[in-house]
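Asker: Sharing a structure below in C-alpha cells format, with a few things to ask.
The values are calculated or read from the model by the stated rules, or taken from the named source; none is laboratory data. All values derive from a computational prediction rather than experimental measurement. Neighbour counts are summed over all protein chains in view; Cβ atoms, including those assigned to glycine, are modelled from backbone coordinates with ideal geometry.
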Amino acid sequence: MVARTGESTRHARVLVRGAYPEPASRWVWLAPAGVALAVLLTGLGTPSLWRDEAATVSVARRPVGDILRLLGNVDAVHGLYYLLMHPLISAFGTAEWVLRLPSAIAGAVTAGGVAAIGARLASARAGVLAGLLCVAAPMFSRAGQDARSYALVMAIAVLATLVLVVATESGSWRWFAVYGAMIALLGIAHLLALLLVAAHGTSLLVRGRALWLRWLAAVAAAGAAVAPLALLASTQRVAIAWMRAPGPTEAEEALMALTGSLGLLIPIALLVRSWGTAPVVALAVPWLLLPPVVLLSFSLVHPLYNVRYILFCLPAAALLGGAGLARFRFPVQAAVLVAVVAVAAPSHAAVRHPRGHLDDLRGTERTLGALVEPGDAVVYLEGFGRSMSMAYPAAFSRLRDVGMARSPRVSATIDGVPVPDHELRARLRPFRRVWLLGGLGHKGPATPQDEGKIAARAQAVGPYVLVERRQVRRLVLSLYERR
C-alpha cells in the first residue's frame, strides 16, 4: 500500500508539472533567443532583395495616408506589417539589413518563446533544446531574414500559445483576456494564422468546461475584432489569383518546411511514453498538424496555400523535438544537436548567398545598368511588377516608363496601372529601343507560356525585333529595337 501511495504521488507530481511548474530561470529563454539573434544577424544584408521585399519597399515608404488608401484596395492582410515598417524606413532607409532587422528580432522572440513553453510544460532542458532546434530549422532563417511579415506572425503565434499555457494554469479571466488580445493581433498580422485557434481548441479538449467557456469567450472577442479586416480581405482575392490547387509536391514542401532537419526528432518525441512529455504532445501535435492539413485541404477547392502561410507551425515541431530529446542523456543530446546543425548548415548557407532568395534584384539592376542606353524605354510585363524597380532604382531610373497610366501611389496599388496596348504603341513611336521586363513564376524552369507572354507583348507594342535577352534568376530582360 505504501509503495502504491508513493507511486501515485510521484505520478501526480509529474502530471501537474506541466500545469504548475516552478518558474524557470531567465537563461532558459534568453540563451535560445540570443543564439537565434546571432544566427539571424549573420549575413542579414547579403542576399539581394526579392520581389516581395520590393513590394514592402514600395508600400511602406509611402505616407501613412497613402498606405491606408492602398490597404483598401489590396494587401490588407499585410497592413499591420507595412505600418510597422513605415517609421523604420523613414528613419533608416531601405538597406537590406534595415528592412530585415525586424524579422530577425521576431525570430529571436520566437526562439525564446518556444523555450519558455517547453520549460513550463516539460523541463528547463526541454525548453532550451526546443529553442535551439527551432533556430536550426532552415525555414526559420528564411523567415527571419525576409522583409515580410512571416517571422512576426510566427513570434505572435508563439507568444499567444505561451499566454494560453499560463491562462490554463491559472484559470484567470485576466490571462484569457490577454490571450484574446494576442489572437486578435495574430489575425491582424495574417488572417490565415487564425488556424492556430483550431489547434488550441483541440489541445483544450482534455481541460475542464470552465476553461472552455473562458477560451471561447476570448476567441469570440478576438473574432469580433478581426472581422472587419476579414471582410475587407475577402474583397481582395485578385491578389492571390495566381495560386493553384496544391498537389503532392506542395504536401512534401509543407512537411520539409515544418520539420527540415528536425524530421528525425519528431518520431522520438511522439514515441516517448512518459508523463513528462504528455503536455507538450497535447499542445504541439495539433499545432503542427491541424493548420497545414486544413489549409491544404481547403486549397483543393479554393487555392490559398503558400508554404510561408504555415510557418507559424514550425515552433511546434521544435517543441516536440526538444521534449523528446530531453529524455536522453547529455552526450546523446549534444550529438544530436551537432548532427542537426551539420545537416542544416548547407541550407542556412544557401539562404545567406547573394542570390539566396527567389530573385536577384540587385544583380538584375547591375545587368540592366551595363546594357541600357540614354533614351531607352521600358515596359513592365506580368511577373515583373513596377515595384521591383524600387528596390535598386539606379538603372531603372534611366529608363522611360512609357507603360504607366497611373503611378502606384496615385492609383493606391503596389505596381501602378498600365496603359492599354493601343496607347502604349502610340507612346513608343519616338523610341528606337524598348526593354520588356518580365518574370517567371515562383517555381520551376521557364515554360513555353512564359516565352509566349513576352513574345505576345512584343508583338502588341509594334514593329520591334529582339536583339538582346538576359535572364537573372527568375527575371527576364528583353531588349527590342525598332525595325
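Asker: Kindly check whether there is at least one residue in the stretch 318-325 that is surrounded by 16 or more Cβ atoms within 10 Å (Cβ to Cβ) and either within 26 Å of Pro47 (Cβ to Cβ) or touching a His at 6+ places or on another chain (Cβ under 9 Å) (or both).
Answerer: Taking the stretch 318-325 and keeping what is surrounded by 16 or more Cβ atoms within 10 Å (Cβ to Cβ), we get 318-325.
Then drop every residue that is not either within 26 Å of Pro47 (Cβ to Cβ) or touching a His at 6+ places or on another chain (Cβ under 9 Å) (or both), which leaves 318.
For the stretch 318-325, residues surrounded by 16 or more Cβ atoms within 10 Å (Cβ to Cβ) and either within 26 Å of Pro47 (Cβ to Cβ) or touching a His at 6+ places or on another chain (Cβ under 9 Å) (or both): present.
Asker: Answer yes if at least one residue in the stretch 119-141 is over 19 Å from Ala31 (Cβ atoms) and not aliphatic (A, V, I, L, M), and no otherwise.
Answerer: Step one: list which residues in the stretch 119-141 are over 19 Å from Ala31 (Cβ atoms), which gives 138-139.
Then keep just the ones that are not aliphatic (A, V, I, L, M); that gives 138.
Within the stretch 119-141 (the criterion being over 19 Å from Ala31 (Cβ atoms) and not aliphatic (A, V, I, L, M)), the answer is yes, since at least one residue qualifies.
Asker: Which residue is farthest from the chain's Cα centre (by Cα), if the candidates are limited to the stretch 462-482 and must be of a type outside the set (A, V, I, L, M, F, W, C) and more than 18 Å from Val402 (Cβ to Cβ)? Before the answer, list the steps.
Answerer: Restricting attention to the stretch 462-482, the residues satisfying the condition of being of a type outside the set (A, V, I, L, M, F, W, C) are 462-464, 468-471, 473-474, 478, 480-482.
Subset that is more than 18 Å from Val402 (Cβ to Cβ): 468-471, 473-474.
On the way: Glu468: 36, Arg469: 33, Arg470: 30, Gln471: 27, Arg473: 21, Arg474: 20 Å.
Here the residue is Glu468.
Asker: Next question, about the same structure. What pairs come up if the first residue lies in the stretch 316-328 and is over 13 Å from Ala284 (Cβ atoms), the second is assigned to a loop (DSSP other than H, G, I, E, B) and among the β-branched types (Val, Ile, Thr), and their beta carbons are under 6 Å apart, counting only those six or more places apart or on different chains?
Answerer: Arg327/Val272
Asker: To continue, here is another question. With respect to the numbered conditions (1) touching a helix residue (DSSP H, G or I) at 6+ places or on another chain (Cβ under 9 Å); (2) within 29 Å of Gly72 (Cα to Cα); (3) aliphatic (A, V, I, L, M), which one is the sole condition not fulfilled by Ile240?
Answerer: (1)
Asker: Can you name every residue in the stretch 329-359 that is basic (Lys, Arg) and in contact (Cβ under 8 Å) with a residue 40 or more places away in the chain? Even if it seems obvious, please write down each step before you answer.
Answerer: The first filter runs over the stretch 329-359 and keeps only residues basic (Lys, Arg), leaving 329, 352, 355.
Once the filter is applied, which keeps residues that are basic (Lys, Arg) and in contact (Cβ under 8 Å) with a residue 40 or more places away in the chain, the stretch 329-359 yields Arg352, Arg355.
Asker: Right, here's the next one. Would you be able to tell me the number of residues in the stretch 390-426 that are crowded, with 20+ Cβ neighbours inside 10 Å, in a helix (DSSP H, G or I) and free of Cβ contacts under 8 Å to residues at least 40 places away in the same chain?
Answerer: Counting residues in the stretch 390-426 that are crowded, with 20+ Cβ neighbours inside 10 Å, in a helix (DSSP H, G or I) and free of Cβ contacts under 8 Å to residues at least 40 places away in the same chain gives 1.
Asker: Only one of these is touching a Cys at 6+ places or on another chain (Cβ under 9 Å), of a type in the set (Val, Ile, Thr) and either crowded, with 24+ Cβ neighbours inside 10 Å or over 27 Å from Glu53 (Cα atoms) (or both): Val163, Val114, Val128. Name it. Show your work before the answer.
Answerer: Details: Val163 fails: touching a Cys at 6+ places or on another chain (Cβ under 9 Å); Val128 fails: touching a Cys at 6+ places or on another chain (Cβ under 9 Å).
Unique residue meeting the criteria: Val114.
Asker: Moving on. Are there any pairs with C-beta distances below 8 angstrom linking a residue in the stretch 368-379 that is more than 11 Å from Val434 (Cβ to Cβ) to a residue that is of a type in the set (Phe, Trp, Tyr) and assigned to a helix (DSSP H, G or I), with the two at least 6 apart or on different chains, and if so which?
Answerer: Leu368/Phe396
Asker: Assuming Val461 fulfils every condition listed in (1) over 18 Å from Arg483 (Cα atoms); (2) at pLDDT below 85; (3) surrounded by 16 or more Cβ atoms within 10 Å (Cβ to Cβ); (4) of a type in the set (A, V, I, L, M) apart from one, which condition is it?
Answerer: Checking Val461 against (1) over 18 Å from Arg483 (Cα atoms); (2) at pLDDT below 85; (3) surrounded by 16 or more Cβ atoms within 10 Å (Cβ to Cβ); (4) of a type in the set (A, V, I, L, M), the one that fails is (1).
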